[in-house]
1. In region 271-324, what count of residues is obtained for those that are over 26 Å from Glu236 (Cβ atoms), surrounded by fewer than 17 Cβ atoms within 10 Å (Cβ to Cβ) and without any contact (Cβ under 8 Å) to a residue 40 or more places away in the chain?
2. Looking only at region 273-319, filter to residues that are part of a strand (DSSP E or B) and in contact with a Ser or Thr (Cβ under 7 Å, 6 or more places away or on another chain); which one of those is nearest to Ser254 (Cα to Cα)?
3. Anything in region 209-233 that is open to solvent by 50 Å² or more (accessible area, probe 1.4 Å) and either touching a helix residue (DSSP H, G or I) at 6+ places or on another chain (Cβ under 6 Å) or over 20 Å from Phe158 (Cβ atoms) (or both)? List them, or say none.
4. Can you name every one of the strands (runs of 3 or more DSSP E) wholly within region 134-197 that holds 1 or more residues which are among the acidic types (Asp, Glu)?
5. Can you give me the number of residues within region 65-79 that are open to solvent by less than 20 Å² (accessible area, probe 1.4 Å) and either aliphatic (A, V, I, L, M) or part of a helix (DSSP H, G or I) (or both)?
6. Being of a type in the set (A, V, I, L, M) and crowded, with 17+ Cβ neighbours inside 10 Å is the filter here, so list the residues in region 156-185 that pass it.
7. Checking His20 against (1) outside any strand (DSSP E or B); (2) buried (at least 17 other Cβ atoms within 10 Å of the Cβ); (3) out of contact with any helix residue (DSSP H, G or I) (no Cβ under 6 Å at 6 or more places or on another chain), which single condition isn't satisfied?
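The values are calculated or read from the model by the stated rules, or taken from the named source; none is laboratory data. Since the structure is predicted, the reported quantities are computational estimates derived from the model, not experimental observations. In this analysis, Cβ positions are derived from the backbone assuming ideal geometry, glycine residues included, and neighbour counts consider all displayed protein chains. Heads up: the accessible areas ignore ligands, DNA and RNA and are worked out on the full protein's heavy atoms, side chains in. Shrake-Rupley method; radii C 1.70, N 1.55, O 1.52, S 1.80 Å.
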Amino acid sequence: MNNFINNIEYHLPEQTIDCHELDKTKPHWHVRNSLPKTGVRYLHHSAKDETTLQLAHKAASKALAGLSENELPDTLIVCTQTPDSLLPHVSACLQHELGLPTSTKCFDISLGCSGYCYGLSVAYGYMAAGISERVLLVTVDNYSKAIDPENKTSFLIFSDGSAATIIDKPEAGPSFLFGTDGSRSDSIRCLNSGISVATGNTDDTPIAKPDLQMDGFKVFQFTVKTIPGEIEKLAEQAGTGMEGIDLFVFHQASNKVLESLAGKLDIPDEKMIMDLYEVGNTTSSTIPIALKRAEESGKLRRGDTIMLFGFGIGLSWSGAVLKY
């Protein structure tokens with residue numbers, strides 16, 4: 001019997017920031033007081049010249065290591081909102097760097113914190129339709145390039161990173177749930193990005209740097225008011241109920257968000273993954289990184305029934321219940 005999630009590998013940049021050390025340079029931030037809320041002690045930032053493609057390649061090459069030619073994926077999906085350029089798409093460049101056959105189906109999807117379960121669903125849809133046999137899903141974001149170092153709200157949360165998941169067709173398909181509230185899309189946005197940056201600019205007008213902005217209060221309110229009901233809906237739809245889930249692996253937004261969700265849903269501590277301290281919020285990669293680290297620590301075992309749930313940019317959400 002095939003496991004839907006065959007294998008996960010991930011990469012975090014070598015450059016690490018100890019948030020405690022920020023008290024020396026930014027005492028007005030009161031970082032140590034923020035840690036219980038964020039849950040993040042160490043941030044990972046890509047080097048100045050380290051690209052999104054390079055981050056993606058480091059995770060993907062780990063996932064493909066040791067596979068024979070017959071075992072290679074026939075489809076490559078890259079989920080990112082920080083491509084190195086508007087075009088070409090990251091997956092095309094990654095296919096070349098990995099040495100995958102030219103017959104490989106390659107495309108990008110533009111999603112953030114809800115991107116992993118969206119990616120899983122697209123992969124499953126391709127396999128269910130007979131289009132694909134094995135899929136490599138790569139989630140990658142390079143947010144530090146778009147965050148103002150004086151922006152406390154974003155700086156103390158987000159890390160750069162990537163994850164690569166090899167996906168096979170299971171005997172029993174996962175249960176998926178999705179939603180979007182675009183009326184609140186300006187709660188997380190990146191200013192000075194995309195083609196609109198250059199549109200209408202005069203020759204003597206400098207192009208401003210990308211600037212990631214997040215209204216933390218609005219995002220928190222959205223999460224605690226909207227997401228608990230959607231999680232319960234997915235558990236009912238999957239036929240497991242909340243009590244039938246062995247492990248909950250949600251988007252690692254912050255300790256405060258995860259604790260609020262666990263409290264509202266009466267999820268016991270032993271069933272809830274909270275893994276931000278050493279990693280940070282890697283947006284679309286938080287769920288696969290948390291899965292891999294939970295497996296390595298023994299918290300997650302093959303055969304467990306798990307719920308994955310992402311929420312954020314859009315504002316959007318996506319979830320999946322599956323056998324690991």
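1. Number of matching residues: 3.
2. Looking only at region 273-319, we keep the residues that are part of a strand (DSSP E or B), and these are 281, 305-312, 316-319.
If we keep only those that are in contact with a Ser or Thr (Cβ under 7 Å, 6 or more places away or on another chain) as well, we get 281, 305, 310-312, 316-318.
Details: Asn281: 7, Thr305: 24, Gly310: 12, Phe311: 12, Gly312: 12, Ser316: 17, Trp317: 16, Ser318: 18 Å.
Ranking the candidates gives Asn281 first.
3. Of everything in region 209-233, those that are open to solvent by 50 Å² or more (accessible area, probe 1.4 Å) and either touching a helix residue (DSSP H, G or I) at 6+ places or on another chain (Cβ under 6 Å) or over 20 Å from Phe158 (Cβ atoms) (or both) turn out to be Pro210, Asp215, Lys218, Lys225, Glu232, Lys233.
4. Working: elements: 134-141, 161-168, 175-180, 188-191.
Correct list: 134-141, 161-168.
5. The number of residues fulfilling the criteria is 3.
6. As a first pass, look at region 156-185 and keep what is of a type in the set (A, V, I, L, M): 156-157, 163-164, 166-167, 172, 177.
Matches in region 156-185: Leu156, Ile157, Ala163, Ala164, Ile166, Ile167, Leu177.
7. For His20, the failing item is (2).
Yes or no, residue by residue, for (1) open to solvent by 60 Å² or more (accessible area, probe 1.4 Å); (2) among the aromatic types (Phe, Trp, Tyr); (3) at positive phi; (4) modelled with pLDDT of 90 or more:
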site	(1), (2), (3), (4)
Gln15	yes, no, no, yes
His30	yes, no, yes, no
Gly39	no, no, yes, yes
Thr52	no, no, no, yes
